[in-house]
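> The structure follows.
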Amino acid sequence: MQELQILPSSCSSFSTKAFVVIPAFLVRRQCHFPSSLGILSSSVTHLGSRHRLQSSWSGGHGCMDHHHRHLSEGGNNLATFYCCCSSFRFPFLSCYRLGKNSKCKSWFSCSWSRIVAPVCAQNLHWHDGCVEQKVRQTLLKQKGCIIWITGLSGSGKSTLACTLDHRLASMGHLSYVLDGDNIRHGLSSDLRFSAADREENIRRVGEVAKLFADAGVITLVSFISPYAKDREFVRSIVPRGEFIEVFMKVPLEVCEARDCKGLYKSARAGVLKGFTGVDDPYEEPQNPEIVLEATDATGEFISAQVMASTLITYIRDRGFLEGPCS
Ligand SMILES: Nc1ncnc2c1ncn2[C@@H]1O[C@H](COP(=O)(O)OS(=O)(=O)O)[C@@H](OP(=O)(O)O)[C@H]1O
Ligand SMILES: Nc1ncnc2c1ncn2[C@@H]1O[C@H](COP(=O)(O)OP(=O)(O)O)[C@@H](O)[C@H]1O
């Protein structure tokens, strides 16, 4: 473990380095790491110890605390990054207050949950919203969140999102549905169904959903979103607790029997390639907030209305259907 030099009490820039755990998919992508202290733009070039990450720091406010800045070194999945602070006014990442490997890792998980956006362009600066989020929440008498409904084609995602949307409207709450089929007619009309395109599709809708939720809308997202890492990416970019993953746990045979669009039939016939559940994977959520089974103990299908009630209870219990406490 090395110790960083103490910075002069005033300086316009400096560089330093630390070791952090970086998820593999962020390698070579520009990211913004926000903290309560500001936004760090950076990109990791490799995984493994002692790899370089160039970064620049902008935004934020507060006081620089330059005591206890240490480097931590570790084994696999630790990356080195170099940071340049563009203004002394901005304090540094909390990881610099952590010396031990274990704490460095815990810093990572904390930061990882706050990553806001991979960016390609340089010289970007984050602008905080003008109207405080609490003001919007007070106006709407609710708090925004993302209800992320994932499951196979035919599992009932769209039906549930639509039912919930109507129920919330009838209760006087503002919600909005982002549906896979619809988004692929516009925002994602350039994408197909390769793994890379699905990842990009989910990244886009995740970013859009995040904006809707920040605006105070109860955002109902209905996408197959077959890959766990893509769903986890979205979870990571929204505040803790505001991403509610709902797994439509409907067996493939049930979805296939429904086959209202004839897509399973085409996939089985080999006409439609790369169809989720047939010749493309669906990675079931391991820790979703809510699991919705297709049938009850008697084997009867559970209606979309009952499922919607489950979700309404969940978000009501967590305070999303009321404004902020003053
Ligand atoms: N190859 C392949 N695999 C899966 N789905 C396919 C495919 N081709 C077309 N479709 C239709 O596209 C809808 C899924 O779009 P999504 O944007 O939700 O997919 S993904 O999350 O990006 O995987 C999906 O809609 P739902 O049936 O409502 O799920 C299908 O109608
Ligand atoms: N809870 C449910 N019980 C029984 N059938 C359902 C249920 N939800 C949806 N369905 C039916 O399943 C089919 C697929 O539903 P849909 O919402 O389009 O699924 P997805 O959006 O996941 O592809 C439709 O015919 C719909 O009527």
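> Of all strands (runs of 3 or more DSSP E) completely enclosed by region 210-326, which ones contain at least 1 residues that are open to solvent by 50 Å² or more (accessible area, probe 1.4 Å) and among the acidic types (Asp, Glu)?
In region 210-326, the matching strands (runs of 3 or more DSSP E) lie at 290-293.
> Restricting attention to region 308-326, report how many residues are touching a residue at least 60 places away in the same chain (Cβ under 8 Å) and either in contact with a Ser or Thr (Cβ under 6 Å, 6 or more places away or on another chain) or under 13 Å from residue 143 (Cβ atoms) (or both).
So the answer is 9.
> Also, quick follow-up: For residues that are in contact with an Asp or Glu (Cβ under 9 Å, 6 or more places away or on another chain) and among the basic types (Lys, Arg), scanning just region 131-182, find the one that is farthest from ligand 1 (Cβ to nearest atom).
Once the filter is applied, the top-ranked residue is 141.
> Counting just the residues of region 151-167 that are of a type outside the set (Gly, Ala, Ser) and within 19 Å of residue 228 (Cα to Cα), which one comes out farthest from ligand 2 (Cβ to nearest atom)?
152
> Something else about it: Consider region 168-209. How many of its residues are open to solvent by 30 Å² or more (accessible area, probe 1.4 Å), part of a helix (DSSP H, G or I) and away from ligand 2 (no atom under 14 Å from the Cβ)?
Within region 168-209, residues that are open to solvent by 30 Å² or more (accessible area, probe 1.4 Å), part of a helix (DSSP H, G or I) and away from ligand 2 (no atom under 14 Å from the Cβ) number 11.
> Next question, about the same structure. Of everything in region 227-248, what is in contact with a strand residue (DSSP E or B) (Cβ under 8 Å, 6 or more places away or on another chain) and among the hydrophobic types (A, V, I, L, M, F, W, C)? Give them in sequence order.
Selection gives 234, 237, 238, 243, 244, 246, 247, 248.
The values are calculated or read from the model by the stated rules, or taken from the named source; none is laboratory data. Model, not experiment: these values are computed from the prediction. Neighbour counts are summed over all protein chains in view; Cβ atoms, including those assigned to glycine, are modelled from backbone coordinates with ideal geometry. For the accessible areas, the whole protein counts, side chains as well, though only heavy atoms, and no ligand, DNA or RNA atoms are used. Shrake-Rupley method; radii C 1.70, N 1.55, O 1.52, S 1.80 Å.
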